[in-house]
Amino acid sequence: MSSAVSTARPQAVAIPVAETLPWLIGAVVVGLILYYFIGIDQGALSVFGGDTHIHEFVHDARHFLGFPCH
Ligand SMILES: [Zn+2]
């Protein structure tokens, strides 16, 4: 029985910025949209005024995350 010890070292993987940049930008845009609808969208600032109440839909999340509401 041999007790070979692996001496292989992990190699760093190069990730080109050009391939990841669209994903990073997309994640930031989606994050900002979510942030807006959960934390800011209400009253006169509401994007979808009228009968569409996104504020009411995310109301519990808004309180849970500590955004000022009412
Ligand atoms: Zn509230």
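The values are calculated or read from the model by the stated rules, or taken from the named source; none is laboratory data. Fair warning: this is a prediction, and the values are worked out from it, not measured in the lab. Reconstructed Cβ throughout: ideal geometry from the backbone, glycine too, with neighbour counts over all protein chains shown.
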- Using the structure shown, decide if Thr20 is hydroxyl-bearing (Ser, Thr, Tyr), more than 16 Å from the ligand (Cβ to nearest atom) and exposed (fewer than 10 other Cβ atoms within 10 Å of the Cβ). no
- How many of the residues making up segment 26-42 are within 12 Å of the ligand (Cβ to nearest atom) and not hydrophobic (A, V, I, L, M, F, W, C)? 2
- Message: modelled with pLDDT of 80 or more, out of contact with any Leu (no Cβ under 8 Å at 6 or more places or on another chain) and in a loop (DSSP other than H, G, I, E, B): is that true of Pro22 in this structure?
- Response: no
- Within segment 53-70, work out how many residues are touching a helix residue (DSSP H, G or I) at 6+ places or on another chain (Cβ under 7 Å) and within 11 Å of the ligand (Cβ to nearest atom). 5
- Conditions (1) touching a helix residue (DSSP H, G or I) at 6+ places or on another chain (Cβ under 7 Å); (2) within 15 Å of the ligand (Cβ to nearest atom); number of the one not met by Phe48: (2)
- Where Gly49 falls short, out of the listed (1) within 21 Å of the chain's Cα centre (by Cα); (2) surrounded by 10 or more Cβ atoms within 10 Å (Cβ to Cβ); (3) in a loop (DSSP other than H, G, I, E, B): (1)
